[in-house]
Amino acid sequence: MTTWPVPGGGWCNDISSCLERAKTRRGSTRYMSKLEVFSGILSNNASLNPGSLHYLISQLPYLLRLVCGKVAVGHVILAGTTGFSGGLSYDFYNWNRVKLRYCDGASFSGDSKFDNGTSLLYFRGQKIWEAIIHDLLPKGLSRARKALLSGCSAGGLATFLHCDNFTKILPSNASVKCLSDAGFFLDERDISLNYSMRSFYHDLVALQGIEQNLNPNCTRSISNPKLCFFPQYALNYISTPYFILNSAYDVFQFHHSLVPPSADLHGHWNRCKLDPAACSAYQISVLQGLRRDMLVALYPFYKNSRRDGMFLNSCFAHCQSESQDTWFAVDSPRIHNKTIAEAVGDWYFSRKITKEID
């Protein structure tokens, strides 16, 4: 098994923000830390990264992880050997794990260049993705029998963009699946009724030359092809088995899509953002509207497929698969008494249909 993580950390959609990003760990490997802690789904500790009470078949799997956010949280599992005859199945702890570092600001999808004679920026996320994949193939990825491409936040969104391509690169008899953690970003109106996130993504896609790398089946079927950067539009055209892990009250979407600073100039939502317990009844109703819209967007995925999986809880969280506290712990989030680790394991190994909604 192989885990392949790709770090994330949002996006940049204009020249000034991309120039600033280039001077940080989110824009250049020269500023990145040399070591990363692997925890949660990336942990190699069997007691911290189990699945459920079940058998475990000997496999050669890969986990690929795409990482995003303040802490790198993208990864993919590549190759390893697992074998137990019974008892507690330790689904992912001894997979080979690869974490992809994120520095392009477009979820590994851009391919353009900016040069005005003074400033020079290369937007090469798509080429970075392709180069890393081709580097890993002779190192074991080409022999994978099982593989999981996963990612969190911007890395979670990257899994929607690259899932089917990842599947096509691997052996035809490999079991390849994809997991998005906190990557289901909604095309949602903010509290001022503007499509702030749509506008942001529109500029991002245009600046970094992303449209050419979006799913062509999606771009051909929609009047505004740039919308295919949103997972809710791209998901219909993904053929690889998929698992969506998300909070219905995702804090990033709460703070940046639903209530961006531009829509709350007087700071009426500041206390609510800092502490959900301080939200007014009206603000709670607006947040419940976010949950409702996410459920509506995911309903066809929930209803129509038996091979896909879902874990949609009500935590005020963002990225839950690489944090040990939320992945698998005594007090980690549960739906129907099932942890995220158990839900993902049951889905990946086809032990149960796993579509859990809190």
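The values are calculated or read from the model by the stated rules, or taken from the named source; none is laboratory data. Just so it is clear, the model here is predicted, and its values are computed rather than measured. Note: ideal-geometry Cβ built from the backbone for every residue, glycine included; neighbour counts use all protein chains shown. Keep in mind that these areas ignore ligands, DNA and RNA; they rest on the heavy atoms of the full protein, side chains included. Shrake-Rupley method; radii C 1.70, N 1.55, O 1.52, S 1.80 Å.
So the values come out like this:
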| quantity | calculated |
| --- | --- |
| Hz values of 3J(HN,Hα) by residue in segment 173-186 - Karplus curve (6.51, -1.76, 1.60), Gly and Pro given as x | 9, 7, 8, 10, 9, 9, 9, 10, 10, 6, x, 8, 7, 7 |
| Residues whose placed amide H lies under 5 Å from that of F311, excluding near-sequence neighbours | I244, L245, N246, E356 |
| Distance violations [Cα-Cα > 24 Å] among K146/K352; K177/K355; K168/K355 | K168/K355 |
| N96 long-range amide H proximity, modeled H, under 5 Å | T2, T3, L63, L78, A79, G80 |
| Length-normalised contact order of segment 203-257 in % [C-alpha pairs under 8 Å, at least 6 apart] | 24 |
| Rounded percent of accessible protein surface that carbon and sulfur make up, segment 193-279, 1.4 Å probe | 51 |
| Taking all pairs of distinct alpha-carbon atoms in the chain, Kirkwood radius in angstrom | 20.3 |
| Amide H within-cut-off set for K146, under 5 Å, with H built and near neighbours excluded | L60, Y62, S175 |
| Proximal aspartates and glutamates relative to K127, as straight alpha-carbon distance under 15 Å, when same-chain residues fewer than 8 apart are discounted | D104, D111, D135, E211 |
| In order through segment 156-166: 3J(HN,Hα) via Karplus (6.51 cos²θ - 1.76 cosθ + 1.60), integer Hz, x for Gly, Pro | x, 5, 4, 5, 5, 6, 10, 4, 5, 5, 4 |
| The chain - share of DSSP beta bridges that are antiparallel (%, nearest 5) | 35 |
| Segment 294-358: chymotrypsin sites (Phe, Trp or Tyr not before Pro) in DSSP coil with no more than 16 other Cβ atoms inside 10 Å | F316 |
| Helical mean residue ellipticity (222 nm; -39500 (n - 2.57) per DSSP H run of 4+; nearest 500) of the chain | -8000 deg cm²/dmol |
| Test item: Cα-centred dipole of the chain, Lys/Arg +1 and Asp/Glu -1 on Cβ, debye | 760 |
| ³J(HN,Hα) computed for each position of segment 297-305 - Karplus, 6.51 cos²θ - 1.76 cosθ + 1.60, integer Hz, glycine/proline x | 5, 8, 4, x, 5, 5, 7, 9, 10 |
| Where the chain is the region considered: accessible area per residue in Å², 1.4 Å probe | 43 |
| Among H268, H256, H318: highest mean-square fluctuation, GNM of the chain, C-alpha pairs under 10 Å | H268 |
| Cα-based reach from K23 at 19 Å (exclusive), listing lysines while leaving out same-chain residues under 8 positions away | K34, K70, K113 |
